[in-house]
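Since the structure comes first, as structure tokens, the remarks are kept for the end.
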2 protein chains.
Amino acid sequence: MQVAEITTPAVLIDRGRVENNTHEMARRAHRLGVRLRPHVKTHKCVEIARMQVADHFGGITVSTVAEAEHFAVAGFRDITLGVPISLARIPQMLDISGRLDAFHLLVDSRRAIDALALAARQGNQFVSVFLKVDCGYGRAGVVPGTEEAEALAIALHEDANIDFRGVLTHGGHSYDCLNREEIRVIAEQERVAVVDFAALLRAKGIPVPEVSVGSTPTMCVAENLPGVTEIRPGNYAVFDRFQTAIGSCSPEDVAISVLATVIGAYSDRLILDCGALALSKDPGPTHVDPHCGFGQLMTEDMLPIEGLSLTGLSQEHGKVVGAAAKNFQVGDRLRVIPNHSCLTLACFDEVRVVDGSMVVDSWSPCRGW
Amino acid sequence: MQVAEITTPAVLIDRGRVENNTHEMARRAHRLGVRLRPHVKTHKCVEIARMQVADHFGGITVSTVAEAEHFAVAGFRDITLGVPISLARIPQMLDISGRLDAFHLLVDSRRAIDALALAARQGNQFVSVFLKVDCGYGRAGVVPGTEEAEALAIALHEDANIDFRGVLTHGGHSYDCLNREEIRVIAEQERVAVVDFAALLRAKGIPVPEVSVGSTPTMCVAENLPGVTEIRPGNYAVFDRFQTAIGSCSPEDVAISVLATVIGAYSDRLILDCGALALSKDPGPTHVDPHCGFGQLMTEDMLPIEGLSLTGLSQEHGKVVGAAAKNFQVGDRLRVIPNHSCLTLACFDEVRVVDGSMVVDSWSPCRGW
């Protein structure tokens, strides 16, 4: 089948680019002396996850219990659920844990530790747990070095049913950066936050086997990671317009696009059949370019189109404005590089895998929670 | 099953509120002397569509070919595809058309008319077509009263395989309004655009059986619609925070909420397990309140929570800030009234239907294109 035969809207993944991206990150991890435990939440596709773990130990990171189930069924044996646990889901998590070689959970509160320890004790199970650390992003995690953080680490260390696996952080504020130099500062902040905290805990006699960091921006620029044992980037497998804008990758590394058709052509604008349900309403790298719009317009052959901007999205309409609108007519097809591949891929039940103008495969992302 | 037993994140629909909303719009349509052809794109659920058409002729509006298929299979016999046609999908549309009592398509270009007429002629079929009119929204549609618009209406009227059904518009710029008074102005603009254009065409001897208008805001405030034959609101079945903010409805009319769990509790913030994949990244009614955030926080029992704001969404994390954060702990549950129900419902494969604290049903929205 040819790309030209695909009905729109459709999400396309360039297989060669994914192969390059995953190979490159695997090589980086080896060079940095760390294990790669890639996040799979961006794509939720077993086929991409297999490329991501090639040449490493096979561990992955997921963002939902449903993903953990999905990838466990597909044969992945070592999984970290990279979001602090939801207490009501503990029975499901323990069930999955019993079926895997390793299922690592995240906590950052006394309540979560107590609930998890109690459930594990009652089920006569051992559960592997990371203490989630906030390295300055300001989302989840304990503040490293504080009394509270230390107390939680001790509680994890001392519990008979918990295997305290280590400390873990995510430098999500790297997405606020404007360029690689700024990202490098965040990468070092991310590293230091957990490496120093691990040292502090070890000095108190608490073993800390793992020191885990990672976001795609920080892991694309980090030049050395002393003290870190594993990294967890994910978006890098396909990248997107945001990653290009802040310097994580080059435009030619981006493996994702949405194929669309012109359904309205007017003197000053076009309407495409890809709206908010095909692209997501992610505003993109507005801190780099306030007028970035909802995606970058490309020809069907993936050449950049100058003079057109995707300025508006309603449910099933994409509104494109600019002088070049007059060069297109109803029925023409083009592609959109999405702002945020994680949210765009979640819009589709089927991912079309392409190699040049050929469709070579079709993948089904996991859905739900 | 109780709401308290649902795992999160989950989308809940209050059945009683949907019944009230759908009944009220059906009554309004009768009072206005127009047929109600509700849009079903907000929810894509057969069960809600059936409530919407009760006490009217049974026609609906859909936004994708997949929805047309889905609702055709469910027994709906009169469907309008409310988006200008994509030329490559014409064979599928003609196939659906052959299976329904009526399947109305939208065009606003010569190319679409020519392609549709050719395909219909080759298949020896008749196809029902509306001319899409722009009433000031600036998205799709011809400008009424222009030579081009008139020429397209004549082409539709004269084609032997096309049944020119009438003129159709959508006052989507009603969403830019701040209150009901402003919406009323748009409602009149929406009405006049198509009623005057229909009169102009009729004066030239072109029959215009249908004059179709509608958005939820305009149809919630319009007090009379002379010349209009049918209305196509959709969001009103469940409403959302946006509709409340601009005055389309009262807060107690909103039938949708997302149930979430606190997975992180800190001195200054909470983290919920509903992120961008459970709510969408719709920024909401920022023109009414620039600090509206990504949804309105409610207790699990649906009482408003003061002093908390849902300021950030990443893929699976919702970040809540405010003084009231200290009143919550890990494991607590609350609900979020989403900014935009159409995009939020598309995040879920299953809709939990509730009546007070009881789960009374489960519905499956249509997906894809």
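The values are calculated or read from the model by the stated rules, or taken from the named source; none is laboratory data. Values in this document were obtained by computation on a predicted structure and should not be read as measured data. Don't worry about glycine lacking a Cβ; one is built from the backbone with ideal geometry, like all the others, and counts go over all protein chains shown.
Only one entry of A:ASP361, A:ASP349, A:ASP355 meets the criterion of being over 17 Å from the mean Cα position of the chain (by Cα), more than 23 Å from A:ILE305 (Cβ to Cβ), modelled with pLDDT of 95 or more and more than 11 Å from chain B (Cβ to nearest Cβ), and that entry is A:ASP361. In segment B:1-33, the residue that is farthest from the other protein chains (Cβ to nearest Cβ) out of those that are assigned to a loop (DSSP other than H, G, I, E, B) and surrounded by fewer than 24 Cβ atoms within 10 Å (Cβ to Cβ) is B:GLY33. For the criterion of being touching a residue at least 24 places away in the same chain (Cβ under 8 Å), polar (S, T, N, Q) and under 20 Å from A:ALA26 (Cα atoms), A:GLN243 passes. Here B:SER267, B:SER250 are screened, and the one residue that is at pLDDT below 95 and small (Gly, Ala, Ser) is B:SER267. Scanning segment B:281-292 for residues that are among the β-branched types (Val, Ile, Thr) and touching a residue at least 24 places away in the same chain (Cβ under 8 Å) yields a single hit, B:VAL288. Consider segment A:125-176 and keep the residues that are of a type in the set (Lys, Arg) and surrounded by fewer than 24 Cβ atoms within 10 Å (Cβ to Cβ). The one that is farthest from the other protein chains (Cβ to nearest Cβ) is A:ARG165.
Within segment B:99-112, the set of residues being part of a helix (DSSP H, G or I) and facing another protein chain (nearest Cβ under 10 Å) comprises B:ARG110, B:ARG111, B:ALA112. Can you run down the residue pairs with Cβ atoms below 7 Å, 6 or more apart or on separate chains, where the first is in segment B:263-280 and closer than 20 Å to B:VAL11 by Cα and the partner is of a type in the set (D, E, K, R)? Listed by first residue and then by second, the contacts come to B:ILE263/B:ASP273; B:ILE271/A:ARG139; B:ILE271/B:LYS319; B:ASP273/B:GLU316; B:GLY275/B:GLU316; B:LEU277/B:GLU316; B:SER280/A:LYS281. In segment A:314-329, the count of residues that are among the small types (Gly, Ala, Ser), within 14 Å of another protein chain (Cβ to nearest Cβ) and part of a loop (DSSP other than H, G, I, E, B) is one or more. Just a yes or no: is a residue in segment B:68-89 under 23 Å from B:ILE13 (Cβ atoms), within 14 Å of another protein chain (Cβ to nearest Cβ) and among the hydroxyl-bearing types (Ser, Thr, Tyr)? Looking for residues that are under 23 Å from B:ILE13 (Cβ atoms), within 14 Å of another protein chain (Cβ to nearest Cβ) and among the hydroxyl-bearing types (Ser, Thr, Tyr), one finds none in segment B:68-89, hence no. Applying the criterion of at least 2 residues that are more than 30 Å from A:GLY82 (Cα to Cα) and within 12 Å of another protein chain (Cβ to nearest Cβ) to the strands (runs of 3 or more DSSP E) found wholly in segment B:199-313 leaves an empty list.
Each row is one residue, and each column tells you yes or no for (1) touching a residue at least 12 places away in the same chain (Cβ under 8 Å); (2) outside the structural domain of A:VAL143 (by TED's automatic domain parsing); (3) surrounded by fewer than 16 Cβ atoms within 10 Å (Cβ to Cβ); (4) touching a Phe, Trp or Tyr at 6+ places or on another chain (Cβ under 8 Å).
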position	(1), (2), (3), (4)
A:ARG180	yes, no, yes, no
A:GLU190	yes, no, no, no
A:ALA193	yes, no, no, no
A:PRO207	yes, no, yes, yes
A:VAL211	yes, no, no, no
A:THR218	yes, no, no, no
A:ALA222	yes, no, no, no
